[in-house]
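For reference, the structure discussed in these notes is given below.
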Protein chains: 2
Amino acid sequence: MQDAFSFRLISADGAARRGEISTPRGAIRTPAFMPVGTAATVKAMFLDSVRAAGSDVVLANTYHLMLRPGAERIAALGGLHKFMRWPHPILTDSGGYQVMSLAKLRKVSEQGVTFRSHLDGAMFELSPERAIEIQNLLGADIAMQLDECLRLPAPEAEVARAMRLSLRWAERCKRAFEAVPPGRALFGIVQGGVAPTLRSESARELVRIGFHGYAIGGLAVGEPQDVMLATVEETMIELPAEKPRYLMGVGEPDDLLAAVARGIDMFDCVLPTRAGRHALAYTRNGKINIRNARHAEDPRPLDESSDCPAARDYSRAYLHHLAKARDYSRAYLHHLAKANEMLGAMLLTWANVAYYQQLMDGIRAAVAARRLKDFAAETRARWTQEPR
Amino acid sequence: MQDAFSFRLISADGAARRGEISTPRGAIRTPAFMPVGTAATVKAMFLDSVRAAGSDVVLANTYHLMLRPGAERIAALGGLHKFMRWPHPILTDSGGYQVMSLAKLRKVSEQGVTFRSHLDGAMFELSPERAIEIQNLLGADIAMQLDECLRLPAPEAEVARAMRLSLRWAERCKRAFEAVPPGRALFGIVQGGVAPTLRSESARELVRIGFHGYAIGGLAVGEPQDVMLATVEETMIELPAEKPRYLMGVGEPDDLLAAVARGIDMFDCVLPTRAGRHALAYTRNGKINIRNARHAEDPRPLDESSDCPAARDYSRAYLHHLAKARDYSRAYLHHLAKANEMLGAMLLTWANVAYYQQLMDGIRAAVAARRLKDFAAETRARWTQEPR
């Protein structure tokens, strides 16, 4: 166990970086993909499988956990790691995004945000100080500042107002974070919509305040990929090379390739898990909608080459015995999806998380070998050219 | 691999028997509990976990599989074992019970039964010959005769008519079964409601026809336990000691103890899996409704002594790595249940199947040691006396 949070750059390939984050709970190989464990569970998966698939870190949602079962209750039970049985690093968001997307009767003021729970209508307050307190109670290894997330599109003046409010909240989060035990990290979140000058201002000011890492928020909300990537590029200019950079809520496998090439180190997204519950598989050979009738009599697995679960700190005997998604035929997966059987969601979610982590493994190896461009071209060609 | 289906009695304790069924796909230790894999999946479980929990055999439902994905399709894909990735013994029911409980517009004639699928309204026919053909296409190691299952209560004349029709269907099933490859078994099903004379007549006639084993059907449909057990006792008198006896659709753990003491060798029931999806846990210390608020802050596991998964043909390394239900706190399981998270159903189903198999292990050991009565008393005391 190391006591400090740190980030080490191992190699670079153009703007892309291969690195490693150290936390007291273990290392995070970057570029990293973080599966989303919204309510203290990565939906439809055992966390052992999430780990075996090659995940170094998972994300949990402050909004959901503060509503149910409550941060104080989780703390009383020994913290989120123990509660959900995941002894490895956890990043928690601050709740800002989900207050915007899920809560009712939101009211934003300088002090913070008040809202009604979407579960039972109970009133809650979330201030920068409370967001840090909650994440500390949960025991997050990486906490996020509270920010105001707008529904886009919004007038630029409104985007600027929310961005500057988020900067003042960033200052207060940093101050509140001084009470958090050492070894944990706090990330700032760059906002500013798709206006380059606002993004630059946000990034510069956050760097001035000083965080352990910097996230880019407010993207992946429906804008075209080229707009998202242009915003990432603009923002990158202002971010220090020696800190990890996290693109929140992204994304499709193609987005990961493109964003890594622009210097992003961390991602989270519900796509692999949500798709797994809706009969959509991400594979080396592209996306497969397993409900499609053409799979009904197909004896082939989703991907005969998949090594799900990826081998890391598991014994060979374990890997040998553990069923792999490739052991199941498309015909069987099709049947499970048509019958709405839970096992269908369990297998596809697992296969999707495994594919995402296999992709990240490939990305990390390619950056280390300074061949990310070729790797990306090969990977994209395979998504579209191979017979599925 | 042995080629023949056979049953061997190992020891007895009063009417209770410890035995072993041999099939070409492996042995079934009796008394045996068969988890229900309705639509080619034991709901919410990986079959590896079903196996690791100590299951020698699972049951699959002819009715569900003939409707979707279809017996011919499963046969074209290599049979049910390969389809669902369960290389061990499978028992299939004949569809008769589910036609009664699920299908629409049933019409029973001497020839068989016609009905509309509850899924899409399509018309199907199920005759004794077709029931055997379907079970043969699926590749069942143990097939069941087609019987007419009545909704009870019904007039005794009606019960007698259905029982005698089922006997004529039994004859036709036996004849149809001559075309099935060797090594597979066909069981007859004793019917006759709760009328001792009808049950005796049914059992005697089935024994005259001759089957590899005998099931008692038409019970566990809401009658009191003492009525069920009295009917079991009546029927037992007519059944040959050298063949396995299967009490269909039973039951609660207490029913298993009581029925084994009366000479039953095999059981199937949806209770452990259905309860697992409804936040109800079966444990050594009785039933636990994990939704109950008193579990919300309880750091204890469901049962700290549970060895789920039970060790059989798995390596120690596998067992060491595999998460066990006892690794999760009641507070976490409570949270998952309240949040309707799939992992809650996954964990409780697993724990329930493991408990049922742990109970059967205990029963088998107790019969072998000629102390079933003491074991049953101790087990029942524990269900009610221990603080939960």
Single residue of region A:226-245 satisfying the filter (part of a helix (DSSP H, G or I) and not β-branched (Val, Ile, Thr)) that is surrounded by the most Cβ atoms within 10 Å (Cβ to Cβ): A:Met228
Go through the residues of region B:200-209 one by one and say whether even a single one is of a type in the set (Ser, Thr, Tyr) and part of a helix (DSSP H, G or I). yes
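Going by the conditions given, is A:Arg85 of a type in the set (D, E, K, R) and within 28 Å of A:Arg245 (Cβ to Cβ)? Don't jump to the end; show me each part of the working.
Values: of a type in the set (D, E, K, R): yes; within 28 Å of A:Arg245 (Cβ to Cβ): no.
No.
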I'd like to know if region A:30-37 contains one or more residues that are within 13 Å of chain B (Cβ to nearest Cβ), part of a loop (DSSP other than H, G, I, E, B) and open to solvent by less than 20 Å² (accessible area, probe 1.4 Å). yes
Of all residues in region A:246-261 being open to solvent by 10 Å² or more (accessible area, probe 1.4 Å) and in a loop (DSSP other than H, G, I, E, B), the one that is farthest from A:Thr273 (Cα to Cα): A:Ala261
Only one of (1) out of contact with any Asp or Glu (no Cβ under 9 Å at 6 or more places or on another chain); (2) modelled with pLDDT under 95; (3) open to solvent by 10 Å² or more (accessible area, probe 1.4 Å); (4) within 14 Å of another protein chain (Cβ to nearest Cβ) fails for A:Asn340. Which number is that? (2)
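Yes/no matrix, rows are residues, columns are (1) on the phi > 0 side of the Ramachandran plot; (2) of a type in the set (Gly, Ala, Ser); (3) under 16 Å from the mean Cα position of the chain (by Cα); (4) at pLDDT 90 or above:
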| residue | (1), (2), (3), (4) |
| --- | --- |
| A:Pro253 | no, no, yes, yes |
| A:Ala259 | no, yes, yes, yes |
| A:Arg262 | no, no, no, yes |
| A:Met266 | no, no, yes, yes |
| A:Arg277 | no, no, no, yes |
| A:Tyr282 | no, no, no, yes |
| A:Ile290 | no, no, no, yes |
| A:Asp303 | no, no, no, no |
| A:Ala317 | no, yes, no, no |
Residue pairs meeting the criteria (Cβ under 9 Å; at least 6 apart or on separate chains; first over 14 Å from A:Thr62 (Cβ atoms), in region A:106-125; second in a loop (DSSP other than H, G, I, E, B) and acidic (Asp, Glu)): A:Val108/A:Glu148
Determine, yes or no, whether A:Gly78 is under 30 Å from B:Ser49 (Cα atoms), open to solvent by 10 Å² or more (accessible area, probe 1.4 Å) and among the small types (Gly, Ala, Ser). yes
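Residue-wise test of (1) within 14 Å of chain B (Cβ to nearest Cβ); (2) touching a strand residue (DSSP E or B) at 6+ places or on another chain (Cβ under 7 Å); (3) not in a loop (DSSP other than H, G, I, E, B).
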site	(1), (2), (3)
A:Ser55	no, yes, no
A:Leu65	yes, no, yes
A:Ala75	yes, no, yes
A:Val99	no, yes, yes
A:Arg106	no, yes, yes
A:Gln111	no, no, no
A:Glu125	no, yes, yes
Read through the list (1) at pLDDT 95 or above; (2) crowded, with 24+ Cβ neighbours inside 10 Å, then give the number of the only condition that A:Ala71 fails. (2)
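Any idea which of A:Thr273, A:Thr235 is touching a residue at least 60 places away in the same chain (Cβ under 8 Å), among the hydroxyl-bearing types (Ser, Thr, Tyr) and touching a Lys or Arg at 6+ places or on another chain (Cβ under 9 Å)? Even if it seems obvious, please write down each step before you answer.
Details: A:Thr235 fails: touching a residue at least 60 places away in the same chain (Cβ under 8 Å).
Among A:Thr273, A:Thr235, only A:Thr273 is touching a residue at least 60 places away in the same chain (Cβ under 8 Å), among the hydroxyl-bearing types (Ser, Thr, Tyr) and touching a Lys or Arg at 6+ places or on another chain (Cβ under 9 Å).
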Contact list, first residue from region A:64-78 and on the phi > 0 side of the Ramachandran plot, second anywhere and open to solvent by 50 Å² or more (accessible area, probe 1.4 Å) and not in a helix (DSSP H, G or I), beta-carbon distance below 9 Å, six or more apart or interchain, is A:Gly78/B:Pro299
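I need the full set of residues from region B:120-156 which are open to solvent by 80 Å² or more (accessible area, probe 1.4 Å) and over 22 Å from the mean Cα position of the chain (by Cα), in order please.
Let us first name the residues in region B:120-156 that are open to solvent by 80 Å² or more (accessible area, probe 1.4 Å), namely B:120, B:123, B:125, B:133, B:151, B:153, B:155-156.
Correct list: B:Asp120, B:Met123, B:Glu125, B:Pro153, B:Pro155, B:Glu156.
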Hey, A:Glu297 in a loop (DSSP other than H, G, I, E, B) and surrounded by fewer than 23 Cβ atoms within 10 Å (Cβ to Cβ) or not: yes
Would you mind stating whether A:Leu59 is under 27 Å from A:Trp350 (Cα atoms), of a type in the set (A, V, I, L, M, F, W, C) and in a helix (DSSP H, G or I)? no
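The values are calculated or read from the model by the stated rules, or taken from the named source; none is laboratory data. All of these numbers come straight from a predicted model, not from anything done at the bench. Here the Cβ is made from the backbone with ideal geometry for all residues, glycine too, and neighbour counts use every protein chain on show. Only protein heavy atoms, including side chains, enter the accessible area calculation; ligands, DNA and RNA are left aside. Shrake-Rupley method; radii C 1.70, N 1.55, O 1.52, S 1.80 Å.
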